[in-house]
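Here's the structure we're looking at; comments come further down.
The values are calculated or read from the model by the stated rules, or taken from the named source; none is laboratory data. The model shown is predicted, which means the values in this text are computed figures rather than measured ones. Here Cβ is always computed from backbone atoms with ideal geometry, including for glycine, and neighbour counts include all displayed protein chains. We work out accessible area using only protein heavy atoms, side chains counted, and drop any ligands, DNA or RNA first. Shrake-Rupley method; radii C 1.70, N 1.55, O 1.52, S 1.80 Å.
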Amino acid sequence: MVCIAAFIILCLVGIFVAFLSIFRRDIGRKYWAVFKKAWGCVGKKVRLQKCETNFKDDVKNSLLSKVVLKHPKWVKPLGIAIEIGSVLIVFITIWSLVEAVKAILALWVFGTCNVSQPASCALGAEVCGIDAEEPSNPLEWTGRWFTEWGEIFANIPDRFHSWNAEDYLVEPYTFATPYQDGKPLALEIFDPGCTVCLQSYRNQKSSGFFDDYNVVPMVYPIMLPDGRPKFANSDLIARYMHAADLAETDYSTKILDRIFTGTDDKGNSYQVTFSGISTVEAEKLLQKFLKDFGAKEKQIKQITELVHSDQVSEILAQVQIMVEDKIHAKGIPTMIYDGKKHNGLYKND
């Protein structure tokens, strides 16, 4: 293990030596001689051959040469420490390489390098992550690690799959703008409380995306592992939007547009407003929206009753299955159009 650890360290040191050798070529020649020895030793290990002991001894002797003179009794325990350190270096290097491969594959498959905490990946698309429950012990952590590998490999076919938005619709639904004959269909999954979804919606609106596609918004409130919505009142808003669709009105898209583009009396975005009020206040505000849109008292009562009905609960359950189990979304917004699945923020190009 000492020779392999030395090879790993020499590979890292080589970056700095290459720079120094521009000014001091003798340093480069000495380093190269040692590096060739290390490479030869690693090559033999790979072929399951015995490594030359003199290189291992050279490394250990160079590290212990000063200790031998001053503290002879320390030589043996330090020699053992070097062996243990070598094992750790090799293990950490292999672990790092495995984790790097895993992150790259996850980024390619899901658009995020962290399968369980998608929003924490700086390399992925901007998303509001659908996070998994944090493991509480090493056994659960190990199980999650292998589960993530399983998810990655199980979803590799998605990269080669032709995505048809029509296959993933959950009825009833409405279009974000009036239906246009001849325009392709697009599906957009969003959470009313997700700031990335708000910015994505605004980008789509300003870029003319809604003019080019018949967009079906699918409201999906992200739920925490304990059953609470990730964003305050997003579950209630989703229920009102689904209830409005069940009542065969266009109020759901009007609610969406007002929350993502409108402001309250204080000039705050309605998304911010909903994040800071109680459920009772949020329900009153949503009913006010319906009244502003032209709904009569009888219609508001009908929609309110549907909000708390089993029908809406069943729709939400179907949406969750569609988003998590069939579309395999790890974060939202997630969009399906032009035969592809698009993860994260829609940007104006």
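Below are the figures for this structure:
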| item | result |
| --- | --- |
| Selected residue (criterion: nearest to Ser252 (Cα to Cα)) from residues of segment 310-338 that are among the small types (Gly, Ala, Ser) and modelled with pLDDT of 95 or more | Ser313 |
| Residue within segment 330-338 that is within 22 Å of Glu151 (Cβ to Cβ) and in a helix (DSSP H, G or I) present | no |
| Filter result (within 19 Å of Pro221 (Cα to Cα), part of a loop (DSSP other than H, G, I, E, B) and open to solvent by 50 Å² or more (accessible area, probe 1.4 Å)) within segment 118-149 | Glu126, Asp131, Glu133 |
| Condition check for Glu281: in a helix (DSSP H, G or I), of a type outside the set (A, V, I, L, M, F, W, C) and without any contact (Cβ under 8 Å) to a residue 12 or more places away in the chain | yes |
| Residue among Thr253, Thr273, Thr261 that alone is without any contact (Cβ under 8 Å) to a residue 40 or more places away in the chain and of a type in the set (S, T, N, Q) | Thr273 |
| So Trp95, is it free of Cβ contacts under 8 Å to residues at least 24 places away in the same chain and either part of a loop (DSSP other than H, G, I, E, B) or at negative phi (or both) | yes |
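Every residue, every condition in (1) assigned to a helix (DSSP H, G or I); (2) in contact with a strand residue (DSSP E or B) (Cβ under 7 Å, 6 or more places away or on another chain); (3) in contact (Cβ under 8 Å) with a residue 40 or more places away in the chain; (4) of a type in the set (Lys, Arg), yes or no:
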residue: Leu306; (1), (2), (3), (4): yes, no, yes, no
residue: Gln311; (1), (2), (3), (4): yes, no, yes, no
residue: Ile315; (1), (2), (3), (4): yes, no, yes, no
residue: Asp325; (1), (2), (3), (4): yes, no, no, no
residue: Leu345; (1), (2), (3), (4): no, no, yes, no
